[in-house]
Amino acid sequence: MSTYKVTQLHSFQFNPRVRLDLPFAIDDFTLAMHLGIRCKTLWWLIWGLNEGTLVRRIEIPKPSGGIRVVYNVHPRVKAVQKAIVQKFLDPLPLEDHVGAYRKGLNYVNTSQKHVGKGTVFQYDVKQFFDQHRRALVRRFFVELGYARQVASLLGNLLTVRQKVKVGPFITGQGLPSSPAICNHLANEYFDKPLLAALPKEFEYTRYSDNIFISHASRLGKEECLEVHNLVYQTASRAGYQLHDEEDSITFSDHLEWSVEALPLNQILPNFTTLLSQEVLDRGKDLVTAREEAHTPLLSVFKSRGKYRAKNDEISVLGYLKSILTDDTPAINCRVGKGRAQIILGLVTNEKVAVPRVAYKALQSIIHNCYTKGFESQVERCGKGSVGQLMAFLRGKITWVKTVNEIQGQKLENMMVHALAAEESRATSAALATPATPTEVVEEDLFSIPVDLERAILADT
């Protein structure tokens with residue numbers, strides 16, 4: 001029987017725009033070669049990720065409520081994803097405004113860029129990792145110059161199903177490749193368009209899902225609203241959703257409005273539906289008391305999206321922006337003392353520093369551990385055991401030491417003394433506890449075994 005030699009010719013897309021320092025991959029064989037695996041292993045990994053057999057979905061309760069979903073994949077998948085990051089993503093440059101998941105950079109570097117600013121905008125992206133879908137990953141690699149077949153394979157390897165065999169494919173949290181690919185996606189489709197639209201005098205940084213925009217001077221209402229709308233429009237085009245309740249605009253100083261020009265019921269005519277009657281009554285009593293003391297001054301500032309009284313007597317949930325403006329003729333406005341601007345948990349008014357409240361609280365906990373023992377602070381810190389409390393305190397001390405070496409060293413010395421005192425208390429307790437006496441059984445030397453006694457009696 002005659003045989004025939006069949007020749008198959010495949011056509012590939014080749015784009016000369018691929019960077020020279022990136023791997024040259026045109027199909028599944030060349031991609032597998034660059035990743036250090038066989039082609040059938042590549043397809044086995046893709047099949048396992050699509051079917052969910054190589055992925056484990058873990059739900060972790062959040063301390064603030066809700067559930068955090070983390071994805072754990074097969075060790076072979078982890079190795080391939082790390083190889084993709086090393087060969088395909090690490091050679092790509094990232095601008096200085098990206099501060100997270102980069103070697104040699106941390107949250108302190110991001111905070112330093114906003115030190116001494118007059119106005120700081122803060123935004124938080126909702127479910128940052130889950131909002132990057134497989135189609136966006138594929139589009140990113142196509143724009144790098146790779147053929148659609150290769151881009152599709154890379155997208156399959158870098159994403160998992162949001163739920164077991166249900167839902168879209170996402171770059172889930174917990175995957176080794178998620179920080180790097182999400183950094184590049186956010187930089188390409190959110191950071192760059194926003195930077196192009198923002199004026200040059202603004203400072204912009206993004207630390208993972210936290211967005212910070214600052215300006216050297218204090219901005220007015222219209223300018224703040226313009227920046228706010230620009231951020232939301234850019235996020236919408238990029239497919240992001242922002243946490244509305246976590247948006248904030250902080251100033252290096254707050255405004256104080258004197259309420260002596262108008263009665264309270266004229267200044268707050270539209271707030272009866274927004275404020276409870278109890279709050280309104282407390283406000284009236286406060287103003288009346290200040291007027292009787294000839295100090296009719298009510299200091300108000302904005303904190304995390306809410307206007308609050310300086311003396312914490314009033315918590316106003318909805319002051320109308322049209323009333324609280326610098327050019328309101330009925331209210332005398334002046335600039336008061338500055339308030340703390342917090343970025344990534346650090347104060348940035350004059351220099352990057354640990355908030356005084358956090359430092360004093362940590363100092364108090366370690367001091368109580370020294371005087372009363374670690375067991376007394378377990379419940380206060382919300383930990384389950386003394387070991388967890390010690391690990392928590394060591395982590396906090398390292399955090400303080402990263403920001404301020406002197407403060408961190410002081411806390412570290414206090415921790416050493418607290419551990420020494422704990423060991424001394426344990427030793428003293430062991431010595432003070434009387435030893436349990438062991439029962440001594442006296443052996444009767446004159447007792448005769450029963451069997452021997454019977455034998456003797458039988459002989460007699």
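The values are calculated or read from the model by the stated rules, or taken from the named source; none is laboratory data. Here the structure is a predicted model, which means the values were calculated and not measured. Here the Cβ positions follow ideal geometry from the backbone for every residue, glycine too, while neighbour counts run over all protein chains shown. Side chains are part of the model used for accessible areas, which takes the heavy atoms of the whole protein and leaves out ligands, DNA and RNA. Shrake-Rupley method; radii C 1.70, N 1.55, O 1.52, S 1.80 Å.
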### Task
Working only within the stretch 155-170, note down all residues that are closer than 24 Å to ARG237 by Cβ and either part of a helix (DSSP H, G or I) or open to solvent by less than 10 Å² (accessible area, probe 1.4 Å) (or both).
GLY155, LEU158, THR159, ILE170
### Query
Just checking, how many residues over the stretch 110-130 are open to solvent by 40 Å² or more (accessible area, probe 1.4 Å) and under 16 Å from the mean Cα position of the chain (by Cα)?
2
### Pairs with Cβ under 6 Å, 6+ apart, first in the stretch 142-170 and of a type in the set (S, T, N, Q), second open to solvent by 10 Å² or more (accessible area, probe 1.4 Å)
SER152/ARG138; THR159/ARG134; THR159/PHE169; GLN162/PRO168
### Query
Take the residues of the stretch 80-108 that are not in a loop (DSSP other than H, G, I, E, B) and not hydrophobic (A, V, I, L, M, F, W, C): which is least open to solvent (accessible area, probe 1.4 Å)?
GLN81
### Task
Can you tell me which residue within the stretch 171-226, out of those that are free of Cβ contacts under 8 Å to residues at least 40 places away in the same chain and in contact with a helix residue (DSSP H, G or I) (Cβ under 8 Å, 6 or more places away or on another chain), is most open to solvent (accessible area, probe 1.4 Å)?
ALA197
### Task
Give me the pairs, please: first residue somewhere in the stretch 49-71 and at negative phi and touching a residue at least 24 places away in the same chain (Cβ under 8 Å), second residue anywhere and surrounded by 12 or more Cβ atoms within 10 Å (Cβ to Cβ) and of a type in the set (Gly, Ala, Ser), beta-carbon distance under 6 Å, and either six or more positions apart or on two chains.
VAL70/GLY174; TYR71/GLY172; TYR71/GLY174
### Matching option when the condition is of a type in the set (Val, Ile, Thr), touching a Lys or Arg at 6+ places or on another chain (Cβ under 8 Å) and in a helix (DSSP H, G or I), among VAL142, VAL150, VAL115
VAL142
### Task
With the condition kept exactly as written, say whether any residue in the stretch 340-353 is assigned to a helix (DSSP H, G or I), open to solvent by 40 Å² or more (accessible area, probe 1.4 Å) and out of contact with any Pro (no Cβ under 7 Å at 6 or more places or on another chain).
no
### Task
Check whether at least one residue in the stretch 131-144 is under 20 Å from the mean Cα position of the chain (by Cα) and either surrounded by 23 or more Cβ atoms within 10 Å (Cβ to Cβ) or more than 30 Å from VAL108 (Cβ to Cβ) (or both), and report yes or no.
yes
### Task
Identify all residues within the stretch 171-209 that are in a loop (DSSP other than H, G, I, E, B), closer than 26 Å to LEU230 by Cβ and among the aliphatic types (A, V, I, L, M); write none if there are none.
LEU198
### Query
For the stretch 21-53, which residues satisfy the criterion of being out of contact with any helix residue (DSSP H, G or I) (no Cβ under 8 Å at 6 or more places or on another chain), within 13 Å of LEU153 (Cβ to Cβ) and surrounded by fewer than 14 Cβ atoms within 10 Å (Cβ to Cβ)?
TRP47
## Note on the structure
Residue pairs within 8 Å by beta carbon, gap of at least six or interchain, first lying in the stretch 370-381 and under 16 Å from GLU423 (Cβ atoms), second open to solvent by 100 Å² or more (accessible area, probe 1.4 Å), listed first then second, are TYR370/HIS417
### Query
Which members of the stretch 61-71 meet the condition of being assigned to a strand (DSSP E or B), of a type outside the set (A, V, I, L, M) and open to solvent by less than 50 Å² (accessible area, probe 1.4 Å)?
TYR71
